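The values are calculated or read from the model by the stated rules, or taken from the named source; none is laboratory data. Here the structure is a predicted model, which is why all the values come from computation and not from measurement. Reconstructed Cβ throughout: ideal geometry from the backbone, glycine too, with neighbour counts over all protein chains shown. Areas reflect the complete protein model, heavy atoms only, side chains present, ligands, DNA and RNA absent. Shrake-Rupley method; radii C 1.70, N 1.55, O 1.52, S 1.80 Å.
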Amino acid sequence: MAIDPTHPVPPQFPRIAGRDNVPDHVDPNLIYDVGIPWSPKFLAAPHDYMAQLHETMPPVFYNVSDYGNQWNLIRHEDAFFMLRHHEIFSNEGATPFPRDPADYYYFIPIEIDPPDHRKYRAILDPTFSPKGVKALEDNIRQLANDLIDEFIDAGECEYTTAFGRPLPVSVFLDLMGLPQEKRDTFVEWAMDLLHSNNPQVMGQAMISITGYLKQEIEEKTRNPDGKVISQIIHTQVDGRAMTPPEIFGFVVFLFIGGLDTVFATLNLIWLWMAEHPERVKEMIAHPEQIDAQVEELLRVWSVTFSGRMLKEDYEFRGVKMKKGDRITSVLPACNYDPEVFPNPQEVDFSRRRKPILAFAGGPHSCMGAHLARLEVKVALQEWLRRIPEFELKPDTRIEYRPGGVIGPEHVPLQWQTGN
């Protein structure tokens, strides 16, 4: 039976963890502990690790850990199938963020399956459509240059905090109608929620986020400003006003989803460019290929995973799964599928265009995909126009954050100035 977003209730299926809690139907030969996304081996070089899964793991395997057990998919074809078949693989309860059972809400629209999913998504289609995003380009370009102005003459910067974070997060906050002066606080909450393996830290982050957003919703209910939060509050679904749980679940989901993914992606791309100056020269020499460059970099440096719940018993590549099992597509590994992308870790800007899974796919594909592509495109164009040659500072040790979004903690850069 379809869930009712107007009267949310906590899902009844349990979240199991560890080797002692593997269901009887799981083939023991398919049980692995691959350490994603917490183990030291994974964090030493996450994308290399995920690319190598095609050599070390079967296409479908059961991953166990202290944080949760689930089936894992690493093939592009399999992930596409999972993402497109909501009648088998449901989003209900697939999002791991903690919520108070006494004040429960669904993350909208990500936890709502079709056909109701489309009703909520349509509310923001004009804002996040190619046309809606295109209207933001001049402001994004100006912001990129304003940020570069602040550090270009110094000949160095900590990229993550000087450019990688403020560019996409500032754009997002403006769209939402949230104050820019709280940018760093918002990012800190998101980091605690997405990258901590401590339930207390995650829980406190969620309390901070929800408490703040409840105040914002109350304010924008009284004083709408036309931004995304106001649009959600004051738009109807099925000819009716949305209920408080619907509004709140929609706003909280967007807040969490908008603060970290493009930030992490930019950090990874700039780290790669700093380590491959010859490829940067190639990019600069072919500005007409910018869209292909963006797409290939998004493929190679995708940062997220996509989880579902099985709504029914299902056999996937001969593997028997049961209703209530959790399943996750390891999207970066899927983008390294050698059957779809030959020499998958090679950055090849002339690669034949095929669908990438950086933004998942199917009805639940990322609604911010067009905006993310534009932000990466503008960031590359403006940075390489003004700082065409740069490198990592000597003796830099790159460290990665554990969690559901993959990205380096710090990317310290330096370059020659004209002084």
Notebook entry, point to check: Consider T243 against the criteria (1) more than 20 Å from the chain's Cα centre (by Cα); (2) under 16 Å from F172 (Cβ atoms); (3) open to solvent by 10 Å² or more (accessible area, probe 1.4 Å): it satisfies all of them except one. Which criterion is unmet?
Noted result: (2)
Notebook entry, point to check: Condition test on H410, is it under 23 Å from the mean Cα position of the chain (by Cα) and closer than 29 Å to I110 by Cβ?
Noted result: no
Check: So which residues in the stretch 154-183 are surrounded by fewer than 16 Cβ atoms within 10 Å (Cβ to Cβ) and closer than 21 Å to W270 by Cα, if there are any at all?
Finding: A154, G155, E156, E158, T161
Next item on the list: Scan the stretch 112-124 and report the pairs whose first residue is surrounded by 18 or more Cβ atoms within 10 Å (Cβ to Cβ) and whose second residue is in a helix (DSSP H, G or I), with Cβ atoms within less than 6 Å and a gap of 6+ or a chain change.
Entry: H117/P363
Next item on the list: Working only within the stretch 391-418, note down all residues that are part of a loop (DSSP other than H, G, I, E, B) and either open to solvent by less than 20 Å² (accessible area, probe 1.4 Å) or among the charged types (D, E, K, R) (or both).
Entry: K393, D395, R397, E399, R401, G403, I406, G407, E409, V411
Margin query: Quick check on this structure: which one of L43, L30 is under 18 Å from I327 (Cα atoms) and either open to solvent by less than 60 Å² (accessible area, probe 1.4 Å) or among the aromatic types (F, W, Y) (or both)?
Written below: L30
Margin query: Could you check the stretch 258-315 and list, in sequence order, the residues that are among the basic types (K, R) and within 22 Å of I356 (Cα to Cα)?
Written below: R279, R299, R308
Next item on the list: Look at the stretch 341-366 and say how many of its residues are over 24 Å from E275 (Cβ atoms) and either open to solvent by 30 Å² or more (accessible area, probe 1.4 Å) or part of a helix (DSSP H, G or I) (or both).
Entry: 10
Item checked: Residue check, I269 open to solvent by less than 10 Å² (accessible area, probe 1.4 Å), touching a Leu at 6+ places or on another chain (Cβ under 6 Å) and in contact (Cβ under 8 Å) with a residue 40 or more places away in the chain -> yes
Note to self: Scan the stretch 67-89 and tell me whether some residue there is at pLDDT below 95, open to solvent by less than 30 Å² (accessible area, probe 1.4 Å) and of a type in the set (S, T, Y).
What the structure shows: no
Checklist line | Breaking point among (1) within 25 Å of V411 (Cα to Cα); (2) under 18 Å from the mean Cα position of the chain (by Cα), for M176 | finding: (1)
Item checked: Identity of the residue in the stretch 184-225, within 25 Å of A372 (Cβ to Cβ) and not in a helix (DSSP H, G or I), that ends up most open to solvent (accessible area, probe 1.4 Å) -> D225
Check: So which pairs qualify, if the first residue must be in the stretch 164-187 and without any contact (Cβ under 8 Å) to a residue 24 or more places away in the chain, the second must be open to solvent by less than 20 Å² (accessible area, probe 1.4 Å), the Cβ gap must be under 7 Å, and the two must be at least 6 apart or on different chains?
Finding: P166/L147; Q180/S170; Q180/L173; R183/P166; R183/V169; R183/S170; R183/L173
Next item on the list: Answer yes or no: is there a residue in the stretch 52-65 that is surrounded by fewer than 20 Cβ atoms within 10 Å (Cβ to Cβ) and at pLDDT below 95.
Entry: yes
Item checked: Odd one out for S302, checked against (1) in a strand (DSSP E or B); (2) closer than 20 Å to L374 by Cα; (3) of a type in the set (S, T, Y) -> (1)
Check: Is there any pair with a first residue in the stretch 1-30 that is within 28 Å of F61 (Cα to Cα) and a second that is at pLDDT below 90 and part of a helix (DSSP H, G or I) whose Cβ atoms are under 7 Å apart and which are 6 or more apart or on different chains, and what are they?
Finding: P10/P101
Next item on the list: Check P130, P109 and return the single one that is over 26 Å from T396 (Cβ atoms), in contact (Cβ under 8 Å) with a residue 12 or more places away in the chain and loosely packed, with under 14 Cβ neighbours inside 10 Å.
Entry: P130
